[in-house]
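Just below is one structure, and these are the notes that go with it.
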Amino acid sequence: MAKNQDGITIHTRHHRDGLVEIRAQMFVVTRYAAFMALLEDSPNIPNWIDNVSSSRVLEQISPTENIVYTRFRAPWPVQDRDMVTYSRFDQPPGALVLTIEGASHAYPRQPGYIRIKAVKATWTLAKLTNGLTHIEYIAFADPGGNLPDWMINKLSVTSAFNTFRGLRVQLPKYQSRTHPEVSD
């Protein structure tokens, strides 16, 4: 366990090349459609995903799949990062699962940004009988460039925690929203 605060727990495990994979989780009252509406509200992404400066859908492949371009602010003196991802969600019985993987080939490198690579993440939401929803996020990404592993790993924990705090603040604003591909 790397952090346990405000009902948010962050675990790490060694992944490869000295970097860690993050597992963040919390329990909240939410609907699946609200979560997807929040996730698809690109202009609002910087308000809850840590260090994001902008995000936009490059291509809507199907109602449940897209290609997304995201830019991240990095603390000085580190250079800003960007990433291109393919995401797909589905609803197996009793859950909502969103998988994300790197898709750098889908958009050219941008000047002034280091491309985040080896991106792989999964959001899993599961409703419980007590009215709460368990949200779990498992992710690994290589930020590229010449950053020391200890710094990357520390920032991964901090960023996941701050993202979950932002998620907790933003989700209530989306509870009345619907999504054409999501059933609650």
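The values are calculated or read from the model by the stated rules, or taken from the named source; none is laboratory data. Since the model is a prediction, treat every value here as computed from it, not as a measurement. Virtual Cβ from ideal backbone geometry, glycine too; neighbours counted across all protein chains shown. Protein only, heavy atoms only, side chains kept; ligands, DNA and RNA dropped before computing areas. Shrake-Rupley method; radii C 1.70, N 1.55, O 1.52, S 1.80 Å.
Could you pull out the residue among Q60, Q79, Q110, Q91 that is polar (S, T, N, Q) and touching a Gly at 6+ places or on another chain (Cβ under 7 Å)?
Checking each option against the conditions leaves just Q79.
Evaluate the following for H11: is it outside any helix (DSSP H, G or I) and within 19 Å of S104 (Cβ to Cβ)? Against the criterion (outside any helix (DSSP H, G or I) and within 19 Å of S104 (Cβ to Cβ)), H11 does not qualify.
Taken over segment 109-135, residues that are touching a helix residue (DSSP H, G or I) at 6+ places or on another chain (Cβ under 8 Å) and either modelled with pLDDT under 90 or farther than 18 Å from A95 by Cβ (or both) amount to 2.
Among the residues here, T133 does not qualify as closer than 21 Å to F35 by Cβ, surrounded by fewer than 17 Cβ atoms within 10 Å (Cβ to Cβ) and of a type outside the set (D, E, K, R). Taking segment 40-55, which residues are open to solvent by less than 20 Å² (accessible area, probe 1.4 Å), touching a residue at least 24 places away in the same chain (Cβ under 8 Å) and outside any helix (DSSP H, G or I)? W48, the sole residue that qualifies.
Evaluating Y107 against the criteria (1) in contact (Cβ under 8 Å) with a residue 40 or more places away in the chain; (2) farther than 18 Å from S54 by Cβ; (3) among the hydroxyl-bearing types (S, T, Y); (4) surrounded by fewer than 18 Cβ atoms within 10 Å (Cβ to Cβ) leaves one unmet condition, (2). Exactly one residue out of V169, V157 is touching a Ser or Thr at 6+ places or on another chain (Cβ under 7 Å) and at negative phi: that is V157. Which of (1) more than 22 Å from F161 (Cβ to Cβ); (2) touching a residue at least 40 places away in the same chain (Cβ under 8 Å); (3) not aromatic (F, W, Y) does M83 not meet, given it meets every other one? That leaves (1) as the condition not met.
If you go through segment 14-39 and pick out every residue that is over 20 Å from Q175 (Cβ atoms), of a type outside the set (D, E, K, R) and not in a strand (DSSP E or B), you end up with 1.
The residues on offer are V78, V84, V119, and the sole one that is closer than 20 Å to N153 by Cα and buried (at least 18 other Cβ atoms within 10 Å of the Cβ) is V119. In segment 136-164, of all residues being polar (S, T, N, Q) and over 27 Å from P93 (Cα atoms), the one that is surrounded by the fewest Cβ atoms within 10 Å (Cβ to Cβ) corresponds to N146.
Remark: pairs (first residue in segment 142-166, closer than 17 Å to T122 by Cα; second residue part of a strand (DSSP E or B) and small (G, A, S); Cβ separation under 6 Å; 6+ apart in sequence or on different chains) = D142/A118; A160/A24; F164/A24. A37 meets each of the listed conditions (1) open to solvent by less than 50 Å² (accessible area, probe 1.4 Å); (2) modelled with pLDDT of 95 or more; (3) out of contact with any strand residue (DSSP E or B) (no Cβ under 9 Å at 6 or more places or on another chain); (4) over 19 Å from W123 (Cβ atoms) apart from (4). Has segment 56-69 got any residue that is open to solvent by less than 60 Å² (accessible area, probe 1.4 Å) and in contact with a His (Cβ under 6 Å, 6 or more places away or on another chain)? Checking segment 56-69: not a single residue is open to solvent by less than 60 Å² (accessible area, probe 1.4 Å) and in contact with a His (Cβ under 6 Å, 6 or more places away or on another chain).
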